[in-house]
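Each remark here refers to the structure printed beneath this line.
The values are calculated or read from the model by the stated rules, or taken from the named source; none is laboratory data. In this text, all values refer to a predicted model and were calculated from it rather than measured experimentally. As a convention, Cβ positions derive from the backbone with ideal geometry for all residues, glycine included, and neighbour counts pool all protein chains shown. Surface areas here come from the heavy atoms of the whole protein model, side chains and all, with no ligands, DNA or RNA. Shrake-Rupley method; radii C 1.70, N 1.55, O 1.52, S 1.80 Å.
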Amino acid sequence: MVHKAKTFCRNCGALCPMEVTVDGNRLLGVVADGTASPYGSYMCVKGQSSIEFHNGAEHRLQHSLKRDGRGGFVAIDAGQALDEIAAKLSALIERHGPRSLALYHGTGAYRSVLGAQLEKSFLSSIGTPNLFSTMTIDQSAKWVTSGRMGVMASGKPALVDVDLAVIVGNNPVVSHQTYPFAAGESGAPGRAFAAAKKRGLRMIVIDPRRSETARFADLFIQPLPGNDAALFAAIAHILLRDGTYNKAFCDRFVTQLDALRAAVAPYTPALAAARADVPVEQIELAAKWIGEAGRPFVGSGSGPSMSAHSNLNDHMIEVVNALAGGYRRAGDLVRNPGTLNPRTPVATVVPAGRSWEKGVKCRTADIGKLFGEFPTALLPSEILEPGPDRIRALIVFGGNPVMGLGDPERAVAAFKDLELLVVLDPRKNETAEFAHYVVATSQHFERHDLSIPGDALYPIAFAQYAAPVVAKPPGVIHDWEFFWGLAARMGRPLTLKYWSYGLEFDRIEDGLQLDMVSPPDPEDMIRFLCKNSRVPFEQLAANPSGVRPAIPEQRVLAAKEDNGARLQLCPADVAGELETVLGEAPDTGFRYQLTCRRILEAMNSAYRDAPRTREKYPVNWAYMNPQDMARESLQEGDAIDIVAEAGRVQGVVRAEDRLRQGVISMTHMFGVLAPSTAPFEQAGSFSGRLSSLQRHLEPINFMPRFSGIPVNITRPGNS
Ligand SMILES: Nc1nc2c(c(=O)[nH]1)N[C@H]1C(S)=C(S)[C@@H](COP(=O)(O)OP(=O)(O)OC[C@H]3O[C@@H](n4cnc5c(=O)[nH]c(N)nc54)[C@H](O)[C@@H]3O)O[C@H]1N2
Ligand SMILES: Nc1nc2c(c(=O)[nH]1)N[C@H]1C(S)=C(S)[C@@H](COP(=O)(O)OP(=O)(O)OC[C@H]3O[C@@H](n4cnc5c(=O)[nH]c(N)nc54)[C@H](O)[C@@H]3O)O[C@H]1N2
Ligand code: SF4
Ligand SMILES: [Mo]
């Protein structure tokens with residue numbers, strides 16, 4: 001019988017509420033569900049693609065696979081696969097200790113709530129410190145900044161409360177990624193910007209490409225990539241020069257202003273303008289608006305975090321936000337005080353922790369954990385470098401790291417070296433090709449989830465519970481069943497806890513000890529995760545469109561007493577990096593820089609092969625400014641070789657006048673791992689070939705360079 005059911009999308013952080021039409025085990029359609037949604041009625045094309053994926057599009061895996069020893073795979077029952085994986089893991093740990101196991105938590109794992117919670121318990125139960133995730137190949141510059149500067153516990157303001165949004169290398173209209181890194185709303189981002197503009201919001205966008213988000217900009221600055229540190233050092237220079245920074249905020253909450261003043265003194269507006277190739281007037285105007293703003297929010301996306309000097313870029317962007325007092329203040333209304341996990345923000349500084357300087361370290365670098373994780377760029381070294389506690393077994397949960405890491409020569413060598421590689425995924429992605437076992441997991445609409453990943457991100461308090469709306473194919477298991485099944489077979493206990501970023505799993509006291517003989521009921525686990533919720537589980541279950549709790553007005557509290565902590569605007573290592581950057585000269589051996597971008601239709605490597613994606617993107621086009629194309633005598637559709645220090649790929653040129661000259665813009669994780677020689681036959685060009693996992697890594701988080709990569713272009717066949 002055909003019926004309608006409520007659920008929410010789990011493809012990205014927006015978690016859009018939706019209504020699907022169900023016919024038995026097939027999904028016939030999907031529309032946005034605006035009943036209670038914090039964004040009103042909204043969804044994007046990936047919502048549609050995800051129902052087609054449930055129905056079997058993109059060669060969805062229907063059962064688990066085992067490598068057959070002859071270069072191929074054979075189907076294996078999931079229970080049998082778990083038996084074999086458990087036996088191998090137990091033997092490895094027995095022989096080499098818990099550090100021989102590592103886990104990589106990919107983009108697909110963040111919104112698989114029960115799986116992600118049990119993953120943390122599983123790692124703790126094994127006792128391995130080896131947790132890697134996409135965060136350290138994404139925007140961990142933000143973690144580094146919070147570790148070096150400290151954090152304002154009052155948090156950042158909601159879009160509806162700011163009068164100036166400065167958005168740096170972030171394109172939420174396509175990526176739906178905004179808050180808490182940058183001003184905006186993850187669902188219906190364009191609508192939220194339009195409403196804010198109508199109210200009088202001023203917006204500055206800084207991006208080498210006039211992005212979809214930039215159409216809302218009052219001031220659009222189009223720099224060469226990799227110069228955000230210089231630009232924001234110059235803006236700090238102006239704010240200090242003119243005395244237009246927020247003195248009230250700085251007197252109370254920041255320190256090292258004198259050191260900052262000295263460090264940014266050489267970063268004159270003229271110097272930054274020359275480096276970034278932008279008019280100096282634009283830098284002065286941006287600084288003027290920031291100085292004038294009553295309620296500013298200066299924030300960034302992945303662009304600055306993926307370019308040269310990524311940690312310094314981010315630090316200087318946050319310095320400007322701090323100079324402007326871009327945080328919620330005592331007495332400010334808290335628009336979303338959390339629903340599942342209620343929070344009461346206080347206007348106080350959480351001191352800089354520099355977690356990486358202490359505790360358990362990586363084997364191959366003198367670096368400790370960043371928010372509980374090791375740097376993913378070091379994963380190949382941690383596998384390959386000989387030693388008793390090297391990584392021998394890896395579980396990849398919802399990720400495609402051989403592509404995501406870039407530098408396929410290095411990454412593939414490491415993945416091939418593993419004694420046990422288990423991939424937990426509904427797709428047979430490129431990483432799965434190297435796996436000993438591919439455990440096929442259920443798709444979003446087939447499992448239980450709770451809106452934990454949105455709890456602190458929604459613009460208003462909101463929570464939603466999703467029960468399965470269709471049955472999973474008989475051959476697949478849920479992500480959480482994998483971790484429970486493995487732990488049960490290995491004789492390890494599991495405890496379900498409400499873990500979220502910033503918490504140390506072992507320190508969370510409140511937990512639900514799971515029965516390791518009969519599998520837990522997923523509904524019981526969700527009920528447990530609702531234990532502190534403002535909306536009881538029963539109410540969420542009775543309201544499948546989600547609930548906006550009625551909560552009394554909440555305001556940011558003033559600190560009872562000054563804890564003495566201050567935001568450290570210019571610690572010694574930051575001052576040192578500013579000095580180093582000052583002395584750098586541009587690499588004149590390269591005429592272009594390749595920048596990152598995202599497309600609406602795909603989620604990294606997921607939905608890349610969805611029919612509606614392939615229609616527009618048979619390849620990931622190499623976008624160029626038409627004037628650059630004319631100078632190079634290139635036409636649309638021409639093939640070019642894009643040559644970087646680390647490697648080369650063949651791309652297919654498309655004109656884009658929104659892009660500044662000197663930049664080639666290309667989305668990631670298309671194509672194949674093999675050398676790129678025929679983009680149309682290889683389904684695109686794997687731009688990860690242009691990045692190195694051994695050179696140009698940032699300090700602390702070892703972030704590789706994925707944007708602003710110096711490149712030259714030639715016609716294929718010419719070198
Ligand atoms: N549709 C869709 N949504 C996604 C994803 C997806 O693949 N598809 N991926 C998700 C993931 S994993 C992430 S991390 C987020 C990322 O979310 P965003 O950070 O918003 O990612 P992008 O859309 O790539 O926007 C980055 C912008 O930075 C600009 N840029 C590049 N280099 C520089 C630079 O050096 N300086 C400055 N100022 N700008 C620069 C680029 O031109 C681009 O417009 O998106 C998430 N959402
Ligand atoms: N050159 C270059 N490299 C980059 C980037 C770039 O811009 N340029 N971006 C970087 C960034 S920001 C990121 S986040 C990484 C992405 O790196 P990864 O996260 O490693 O790659 P994804 O393609 O997002 O992999 C997600 C996988 O999760 C699976 N999946 C989806 N939903 C579920 C689920 O519910 N359960 C399970 N088990 N699996 C699921 C999908 O099928 C897919 O195979 O790449 C990084 N690498
Ligand atoms: S924006 Fe698109 S992908 Fe993200 S949750 Fe909404 S429908 Fe899903
Ligand atoms: Mo990401």
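Tabulated values for the structure
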quantity	calculated
Residue among Ala188, Ala182 that is within 22 Å of Phe706 (Cα to Cα) and either in the same structural domain as Asp521 (by TED's automatic domain parsing) or open to solvent by less than 20 Å² (accessible area, probe 1.4 Å) (or both)	Ala182
Positions within region 113-128 being touching an Asp or Glu at 6+ places or on another chain (Cβ under 9 Å), buried (at least 23 other Cβ atoms within 10 Å of the Cβ) and under 19 Å from Ala488 (Cβ atoms), in sequence order	Leu114, Gly115, Leu118, Glu119
Lone qualifier among Asp389, Asp366 - being away from ligand 3 (no atom under 16 Å from the Cβ), in the same structural domain as Tyr501 (by TED's automatic domain parsing) and part of a loop (DSSP other than H, G, I, E, B)	Asp389
Complete set of residues in region 419-444 that are open to solvent by less than 10 Å² (accessible area, probe 1.4 Å), part of a loop (DSSP other than H, G, I, E, B) and under 24 Å from His668 (Cβ atoms)	Ala435, Gln443
Conditions (1) near ligand 2 (Cβ under 10 Å from one of its atoms); (2) free of Cβ contacts under 8 Å to residues at least 60 places away in the same chain: number failed by Thr107	(2)
Residue in region 549-556 that is more than 16 Å from ligand 4 (Cβ to nearest atom), closer than 30 Å to Tyr617 by Cβ and either of a type in the set (Lys, Arg) or open to solvent by 60 Å² or more (accessible area, probe 1.4 Å) (or both) present	no
Which numbered condition Ala248 fails, given (1) hydrophobic (A, V, I, L, M, F, W, C); (2) buried (at least 16 other Cβ atoms within 10 Å of the Cβ); (3) in contact (Cβ under 8 Å) with a residue 40 or more places away in the chain	(2)
Within region 679-697, tally of residues that are over 19 Å from the mean Cα position of the chain (by Cα), over 24 Å from Asp638 (Cβ atoms) and touching a residue at least 60 places away in the same chain (Cβ under 8 Å)	3
Positions within region 633-658 being touching a Pro at 6+ places or on another chain (Cβ under 7 Å) and either within 16 Å of ligand 1 (Cβ to nearest atom) or among the small types (Gly, Ala, Ser) (or both), in sequence order	Ala639, Ala644, Gly651, Ala655, Asp657
Strands (runs of 3 or more DSSP E) wholly inside region 1-91 that include at least 1 residues being under 30 Å from the mean Cα position of the chain (by Cα) and either at pLDDT 95 or above or within 15 Å of ligand 2 (Cβ to nearest atom) (or both)	2-8, 17-23, 26-32, 64-67
Criterion violated by Lys142 - all others in (1) modelled with pLDDT of 95 or more; (2) charged (D, E, K, R); (3) surrounded by fewer than 21 Cβ atoms within 10 Å (Cβ to Cβ) satisfied	(3)
Yes/no for Thr595 being touching a residue at least 40 places away in the same chain (Cβ under 8 Å) and within 16 Å of ligand 3 (Cβ to nearest atom)	no
Residues within region 134-187 that are assigned to a strand (DSSP E or B) and either within 14 Å of ligand 4 (Cβ to nearest atom) or in contact with a His (Cβ under 6 Å, 6 or more places away or on another chain) (or both), tallied	1
Only listed residue being open to solvent by 20 Å² or more (accessible area, probe 1.4 Å) and part of a helix (DSSP H, G or I), chosen from Ala230, Ala194	Ala194
Residue that is nearest to Glu212 (Cα to Cα), among those in region 581-596 that are within 10 Å of ligand 1 (Cβ to nearest atom) and either in a helix (DSSP H, G or I) or open to solvent by less than 30 Å² (accessible area, probe 1.4 Å) (or both)	Thr595
Test set (1) in contact with an Asp or Glu (Cβ under 6 Å, 6 or more places away or on another chain); (2) outside the structural domain of Ala393 (by TED's automatic domain parsing) - Val74 fails condition number	(2)
When residues of region 27-65 are limited to those that are open to solvent by 20 Å² or more (accessible area, probe 1.4 Å) and among the charged types (D, E, K, R), the one nearest to ligand 3 (Cβ to nearest atom)	Glu52
Some residue of region 394-412 being farther than 30 Å from Asp609 by Cα, more than 16 Å from ligand 4 (Cβ to nearest atom) and not in a loop (DSSP other than H, G, I, E, B)	no
Residues (open to solvent by less than 20 Å² (accessible area, probe 1.4 Å) and in a helix (DSSP H, G or I)) located in region 98-112	Ser100, Ala109
Residue among Leu224, Leu239 that is outside any loop (DSSP other than H, G, I, E, B), assigned by TED's automatic domain parsing to the domain that holds Asn313 and not polar (S, T, N, Q)	Leu239
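One line per residue, one yes/no per condition, for (1) touching an Asp or Glu at 6+ places or on another chain (Cβ under 9 Å); (2) under 19 Å from Val174 (Cα atoms); (3) not assigned by TED's automatic domain parsing to the domain that holds Thr613:
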site	(1), (2), (3)
Pro17	yes, yes, yes
Gly24	no, no, yes
Leu27	yes, no, yes
Val30	yes, no, yes
Gly34	no, no, yes
Gly40	no, yes, yes
Met43	yes, yes, yes
Ile51	no, no, yes
Asn55	no, no, yes
